[in-house]
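The values are calculated or read from the model by the stated rules, or taken from the named source; none is laboratory data. None of these values were measured; they are calculated from a predicted model. All Cβ positions, even for glycine, are placed from backbone atoms using ideal geometry, and neighbour counts span all protein chains on display.
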Amino acid sequence: MNKLMTAADVVAQLRDGMTIGFGGWGPRRKPMAIVREILRSDVKDLTVVSYGGPDVGMLCAAGKVKKLIFGFATLDAIPLEPWYRKVRESGALELMELDEGMWQWGLRAAGMRVPFLPTRCGLATDVTKLNPELKTIQSPYADGEVLLAMPALKLDVALVHVNVADQLGNTLIQGGDPYFDHLVARAADACYVSAERVEERLALTPDQARFNTFERYLVKGVVRAPCGAHPTTCAPEYGWDMGHFKRYVASAAEEGGWQAYMDEFVTPGEAAYQDKNGGIERMGTLPLPVF
Amino acid sequence: MSNNTDFTLAELMIVAASEAWRGDGEVLASGIGVIPRLGASLAKLTYAPELLMTDSECFLVEEPIPLGPRGDYVPKYSGYMSFERVFECVWGGRRHAMIGPTQIDRFGQTNLSVVGDYRKPKAAILGVRGLPGNSINHINSFFVPNHNTRVFVAGEVDMVSGVGFNPARWEPGMKQDFMDIRRIVTDLCVMDFEGPDHAIRVRSLHPGVSFDEVQEKTGFPLLKAPEMGETPHPTAAQLEIIRRLDPHDLRGAQIKGNPPGIRVAA
């Protein structure tokens, strides 16, 4: 069994109109090498499900997003995600804007194969008013409480970036916070992971093995992608690239800015991308942010 | 009492923010942003050591971590609080967060999503984030660095992200009991929701600020708390702690012009 493939192989599996979930959180451990490969492709009309960072912003900038299912989009240190903002303000996006908790509840429901999970999150807000497909349900027990029935968010494809993987699809997320990648993986028909390092077969100590957060039977393909989260963080190895973020943010204010960003960083391919950003050596040693 | 008059408005607001957590017991204190975080840290280091805090990433600490580059300071972790654990905490109600919404209305409803029309907004902000879930599950307070009518809007906020005391938004059977909005700390005053039917009251005015000025910069009518007085000045001991927690003076960049705590009459 060998699930090794390239980012281009992954993107070849994508179809117009698919619902795609992204791991990570804001500007943290996003599968950016695969995102860049999507940007190079003809795939379009995607429904993007993400705790959004530059994955959301870049896919919006490139006109790949038909619908966004999200709780936020941000670069954190730069609070407003520039391309999300620009495209959102143009009125071009279909939206399902959800509480962060509802978002993961929907993925959990999908992973558990139930139609919905009950929650209070979202009641009495515009989230329910703006998304009339979200229904309430009354508790069948004595309390009779009215709750929101968060529907399952089933994904066609999940894309996740991890620190280490093996060719069988075993994965390790070694940063302090694993975020919700396990839920993204479970909600999808097919999960593809990119990894900083890919080994033939992991042979771990118990302490190391605890960083495995979802099972390999969920993983359909493994992509070797050193610095594949750049310009987002990949703790504990490297931090975000603030210089690159600034360049990216500036592109949203420039005439033809997105095309220029594509020409400079994306279109020439991943090797050129690394050269443009000072090489793996620099990218892989960017300091982690301190809060 | 201290007669210390050498403090900034930001420092006064940090002390005012810290008061929000008084009496909460063992809850996770989440101060989002420099001043709320310093407020929570100050509370924990003075009257509320029982509060739980994180390193603003995913570990719990019993000693609040100074902001910014740490030099030779090494955090001492006491537990783990990944984002997933934070949600467990939120849903269980053991948290008091202080956040800075883009808009707040007279019901305490908040907006972090968009300004203007939802479909084609004048400004897209962050998205609702965790506001719907936070607001309906645990205690919240708000921080406003620039008190004006664009923040404290007339009518409802443009996109209700966090719930409030607006009866029209609550349907029969929905559980409102876990909602609890405590304080609003602004650059002009401290407010609460302790008026009739949770109407917003001015609880204290910062030195040199009048009630009329606050009212003029608020899009809805305010009440005066019967005990309304001046916001307490930081003590020398509090200032010492604040300076230790914020060695790079990040607080100095939070309020435009970093004005003194005692306003000189215009």
Exercise for review: For region A:124-145, indicate whether the set of residues that are facing chain B (nearest Cβ under 9 Å), buried (at least 24 other Cβ atoms within 10 Å of the Cβ) and touching a Lys or Arg at 6+ places or on another chain (Cβ under 8 Å) is non-empty.
Suggested key: yes
Review point. Within region A:191-199, is even one residue away from chain B (no Cβ under 12 Å) and either in contact with a Pro (Cβ under 7 Å, 6 or more places away or on another chain) or under 27 Å from B:HIS138 (Cβ atoms) (or both)?
Key: yes
Point to revise | Positions within region A:92-147 being closer than 19 Å to A:ALA73 by Cβ and among the charged types (D, E, K, R), in sequence order | key: A:GLU94, A:GLU97, A:ASP99, A:GLU100, A:ASP126
Point to revise | Close pairs from region A:68-86: first within 13 Å of B:VAL128 (Cα to Cα) and at the interface with chain B (Cβ under 7 Å from one of its Cβ atoms), partner of a type in the set (Asp, Glu) and assigned to a strand (DSSP E or B), Cβ under 7 Å, at least 6 apart | key: A:PHE70/A:GLU97
Practice item. Scan region A:102-119 for residues that are crowded, with 24+ Cβ neighbours inside 10 Å and touching a helix residue (DSSP H, G or I) at 6+ places or on another chain (Cβ under 6 Å) and jot them down. Key: A:GLN104, A:LEU107
**Study point:** Residue under evaluation A:GLU196, criteria (1) part of a strand (DSSP E or B); (2) crowded, with 24+ Cβ neighbours inside 10 Å, criterion not met
**Key:** (2)
**Study point:** Conditions (1) more than 24 Å from A:GLY71 (Cβ to Cβ); (2) at the interface with chain A (Cβ under 7 Å from one of its Cβ atoms): number failed by B:TYR73
**Key:** (2)
Check your understanding: Taking region B:42-69, which residues are within 14 Å of chain A (Cβ to nearest Cβ), buried (at least 17 other Cβ atoms within 10 Å of the Cβ) and in contact with a strand residue (DSSP E or B) (Cβ under 7 Å, 6 or more places away or on another chain)?
Key -> B:MET53, B:THR54, B:ASP55, B:CYS58, B:PHE59, B:VAL61, B:PRO64
Review point. List, please: which pairs have Cβ atoms under 6 Å, are six or more places apart or on different chains, and start with a residue in region A:91-106 that is at the interface with chain B (Cβ under 9 Å from one of its Cβ atoms) and free of Cβ contacts under 8 Å to residues at least 60 places away in the same chain and end with one that is of a type in the set (Gly, Ala, Ser) and part of a helix (DSSP H, G or I)?
Key: A:ASP99/B:GLY133; A:GLY101/B:GLY133
Check your understanding: If the Cβ limit is 8 Å and pairs must be 6+ apart or interchain, which residue in region A:204-221 that is within 23 Å of A:ALA190 (Cα to Cα) pairs with which residue that is at pLDDT 95 or above and basic (Lys, Arg)?
Key -> A:PHE214/A:ARG186; A:LEU218/A:ARG186; A:VAL219/A:LYS3; A:LYS220/A:LYS3; A:GLY221/A:LYS3
Review point. Residues in region A:82-109 that are under 21 Å from A:ALA149 (Cβ atoms) and within 17 Å of the chain's Cα centre (by Cα): how many?
Key: 14
Exercise for review: Look through A:LEU172, A:LEU168 and report the one residue that is surrounded by fewer than 19 Cβ atoms within 10 Å (Cβ to Cβ), of a type in the set (A, V, I, L, M) and over 16 Å from the mean Cα position of the chain (by Cα).
Suggested key: A:LEU168
